[in-house]
1. Of the cross-linked pairs A:K80/B:K5; A:K102/B:K10; A:K14/B:K10; A:K75/B:K22, which ones have a Cα-Cα span greater than 26 Å in the structure shown?
2. So, counting K/R as plus one and D/E as minus one, what does the shell of residues with Cβ under 12 Å around B:T27 add up to?
3. Considering all projection directions equally, how large on average is the shadow of the alpha-carbon convex hull of the stretch A:45-179, in square nanometres?
4. Put +1 on the Cβ of each Lys and Arg and -1 on the Cβ of each Asp and Glu in chain A; which of A:V11, A:N342, A:I201 then has its Cα farthest toward the positive end of the dipole?
5. Determine the shielding of peptide A:24-36 by partner chains: average, over its residues, the number of Cβ atoms on other chains within 10 angstrom of each Cβ.
6. Using Cα centres only, tell me the gap between the stretch A:262-310 and the stretch A:129-163 in whole Å.
7. Per residue of B:46-54, what is the mean number of Cβ atoms on other protein chains within 10 angstrom of that residue's Cβ?
8. Counting only DSSP beta bridges with both residues in the protein assembly as shown, tell me the antiparallel percent, nearest 5.
Amino acid sequence: MSLNEILANEVANKVINKEPLFILDVRNETDYNDWKVEGETVTSINVPYFDLLDGVDELLPKLPKDQPILVVCAKEGSSKFVAESLVEAGLTNVSYLSGGMKAWSEYLYPTTIYHDENVKVYQFIRVGKGCLSYMIISENEALVIDPSRFLDVYENVANNDGVKISHIVDSHLHADHISGGRDLANRVGAKYYMMKSEGAIYDFHALEEYTHIEFEKVNLEVLAVKTPGHTPGSVSFLVNDKLLFSGDTIFVGGLGRPDLGGKAAEWAGDLYETVFNKVAVIADEVIVLPGHYASLDEMNSEGFVGDILGNIRNRNEMMKTKDKTEFIEKVASNAGSETPPNYEEIVAINRGIIPASDEKKQELEIGPNRCALHHKH
Amino acid sequence: MNADKILDVKGLACPMPIVKTKKFIDTMESGQVLEIHATDKGAINDLPAWANSTGHELVKMDEEADVLKFWVKKV
């Protein structure tokens, strides 16, 4: 007894519900500093497993006496090894993360975030990476926004609600994760939309040709506000004048980064046009639902990542920077040197230029998300 | 690069490549070079970090047909 396996979804529940969690991360220091399990109630220490091969005696004083200990590594093997040593040393409440950080990177937490007489909206939180995707359900149909490659999760939610996924949109060509859009569309027979200007080479419905996507009897209007800025073909979706799915253009805590295409200043100019001409006319009460978050601090009291536009405008210094030159300078200087891991390869896969096995996709996506230009806390 | 010994840990997953490397190098003389062949990608970051932590010198790293090769000089 006493060595338990903990699943990624159990860890996600603890992080989101703000339960205390003590983590002993046994990966090497570089990987730990780059990316780890984080949350308001998470305490973690890093001691690489290869420093524990001769025993855990020196480690014991660093561990809490009265709290369960979760050991985490890249894939599971080393955490199990260390956890077993801790149990042998007499500790009674030790567990390891099943599947390691790989499993953590892939877990999606689905939650209902909005419900009115016309639509019901789910947010899927990829807790380990900070990616968000959505499903909008109306009557018997559903539209999915920015799906990840874990198609079963969306299919299961649609099946449970007894609806058919009929439309799938990508707000832009992702640079930080592999899109599940095309595969999900093929699997469920849905229409798949993206901006043509994003450079994908397979067949899809070009969003350039749509001002609205309408489905079902309910007046669910999907207005594509073409908001260049993050990538030249970034799009936001305004649903029923109540919800703005902002993709990677506007976040709860900041703006998207325009530097990933190597033309930071030009795109920063597009982002300026978006913020001050297109988003400026949208009402303060509209709920902004972004494609990413930088930290779970961005989760609101209702338990999802999003906020009304008025609050975001008030908080965000960039959105108050009306001088275009100053705005572009600020964005370009904030852009930073850290890019999402493997972003050039991920972009090529999302464009359909190079194929990739599931294993390759998994490997490329491991690591933190760096798509948001967020303020340092 | 001439090695005094060769250790094959291909097909083994983390933590075994390092566990075996440590055990093996413990039997070697100071200044001798161990050549390690591994396939677990975790070794790319872990082996240099382990060498750094123990004081052994990572002399060279290479990849040939999906096999990772490391040359480590015992401290």
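Quick note: the coordinates plus some simple rules give every number you see, no bench work behind them. Values in this document were obtained by computation on a predicted structure and should not be read as measured data. Quick reminder, even Gly has a Cβ in these numbers, built from the backbone with ideal geometry, and neighbours come from all protein chains shown.
1. Details: A:K80/B:K5 30 Å; A:K102/B:K10 21 Å; A:K14/B:K10 37 Å; A:K75/B:K22 20 Å.
Checking Cα-Cα distances, A:K80/B:K5; A:K14/B:K10 exceed 26 Å.
2. Summing Lys and Arg as +1 and Asp and Glu as -1 gives +2.
3. The Cα convex hull of the stretch A:45-179, projected and averaged over all directions, gives 10.9 nm².
4. Of the candidates, A:I201 comes out farthest on the positive side.
5. Mean number of neighbouring Cβ atoms from other chains: 2.
6. 22
7. On the way: counts 10, 2, 2, 8, 6, 1, 2, 5, 3.
Per residue, the average neighbour count from other chains is 4.
8. On the way: 52 of 87 bridges.
The antiparallel proportion sits near 60 percent.
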